[in-house]
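Colleague: Have a look at the structure that comes next, please.
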Amino acid sequence: MRKLAICAALTGALALTGLAAPLAQAATPDLVFAGVTVNKGKAIVVGTTAAVKVPVTYTLTRPSDLVIDNKTTFAGIMLYRGGLAGMDNDIEGTLAPTCTTTATTDTTVTESCSDTITVDPEDSLYEAADATTWSVAGFYVRSSYDLDDSDDKISASSDFAAWGNKGKVKVQRAAKVTANASPEPVKKGRTITVTGALTRANWETGKYSGYVSQPATLQFRAKGSSTYTTVKTVTSGIGGALKTTVKASKDGYFRYVFAGTSTTGAATAAGDYIDVQ
């Protein structure tokens, strides 16, 4: 199991000592996470360098006597892949959600909360297996530490609890597709060759690599029109290469469109203009 990133984040002061906080056995508060929505219900599409800010909203009901100060006690939302007790990967929120009280009883407080989960491909995603459907969990952490070594003693502890299966969200590799129509200009009725390439993020290498054996739609938009129409479907070859031919009929723009797959986001090439004479 990969060590929860949250355990390191909670006790930042421990980094000065080079120690990791052990998980301690403690009474778990009765927390209820409900109505969790991640990224407005859409897939999270991530490239190779830019971090993606993912909005999260949820409702939290907690005991009225439980103080969550976002300093030593925390509650929030996390994404995880694998089992709750044996996570293959996990990504947590900012540890400082914004919450507004919406209801109270003699024993509970209900809050409407919002937060942001940052998915950084360089820090959060490690392998192709991360491009899949992740589970959503609510979590609670209480940390404590004493770094005063004047008495030749320091201590640290962190209590962690998680409530799994609060939702699902897809994490997908970002894709890119290009298009180039040639020759240009071209005589009407002559053959136009439209080439391009379909690539997708490779989180292991930090680069984009060819996506082979995938359908991409060739589309055309006539000069003066705002609408693209489908011409044909082309399958990507070695290195994600796309290539096909069409007859020149009128001035306009050619582009390739990739609809995406369960693991990879959709992509649309910029239209390449062809001058037909």
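The values are calculated or read from the model by the stated rules, or taken from the named source; none is laboratory data. Source: prediction; values computed, not measured. All Cβ positions, glycine included, derive from the backbone under ideal geometry; neighbour counts span all protein chains shown.
Colleague: Filter the strands (runs of 3 or more DSSP E) completely within segment 121-173 down to those with at least 1 residues that are surrounded by fewer than 20 Cβ atoms within 10 Å (Cβ to Cβ) and out of contact with any strand residue (DSSP E or B) (no Cβ under 7 Å at 6 or more places or on another chain).
Modeller: Qualifying strands (runs of 3 or more DSSP E): none found.
Colleague: Turning to a different aspect of this structure: Taking into account only those residues within segment 239-277 that are under 28 Å from A174 (Cβ atoms) and of a type in the set (S, T, N, Q), which is surrounded by the fewest Cβ atoms within 10 Å (Cβ to Cβ)?
Modeller: Result: S262.
Colleague: Report whether or not R200 is surrounded by 14 or more Cβ atoms within 10 Å (Cβ to Cβ), closer than 23 Å to I44 by Cα and among the charged types (D, E, K, R).
Modeller: For R200, the condition - surrounded by 14 or more Cβ atoms within 10 Å (Cβ to Cβ), closer than 23 Å to I44 by Cα and among the charged types (D, E, K, R) - is met.
Colleague: Which members of segment 206-249 meet the condition of being in contact (Cβ under 8 Å) with a residue 60 or more places away in the chain and at negative phi?
Modeller: Within segment 206-249, K207, Y208, L242, A248, S249 qualify.
Colleague: Which residues, counting only those in segment 230-277, are in a strand (DSSP E or B), under 17 Å from T193 (Cβ atoms) and among the aliphatic types (A, V, I, L, M)?
Modeller: V231, V234, A241, L242, V246, I274, V276
For (1) over 24 Å from A51 (Cβ atoms); (2) hydroxyl-bearing (S, T, Y); (3) at pLDDT 95 or above, each residue gets a yes or a no:
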site: A175; (1), (2), (3): no, no, yes
site: S182; (1), (2), (3): yes, yes, yes
site: I192; (1), (2), (3): yes, no, yes
site: T205; (1), (2), (3): no, yes, yes
site: Y208; (1), (2), (3): no, yes, yes
site: P215; (1), (2), (3): yes, no, yes
site: V231; (1), (2), (3): yes, no, yes
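Colleague: If I ask for residues that are buried (at least 16 other Cβ atoms within 10 Å of the Cβ) and of a type outside the set (D, E, K, R), which ones from segment 216-230 would you list?
Modeller: A216, T217, L218, Q219, F220, Y228
Colleague: Taking G189 and the conditions (1) in a strand (DSSP E or B); (2) closer than 27 Å to G252 by Cα; (3) touching a residue at least 40 places away in the same chain (Cβ under 8 Å); (4) of a type outside the set (F, W, Y), which numbered condition does it fall short on, given that it satisfies the others?
Modeller: (1)
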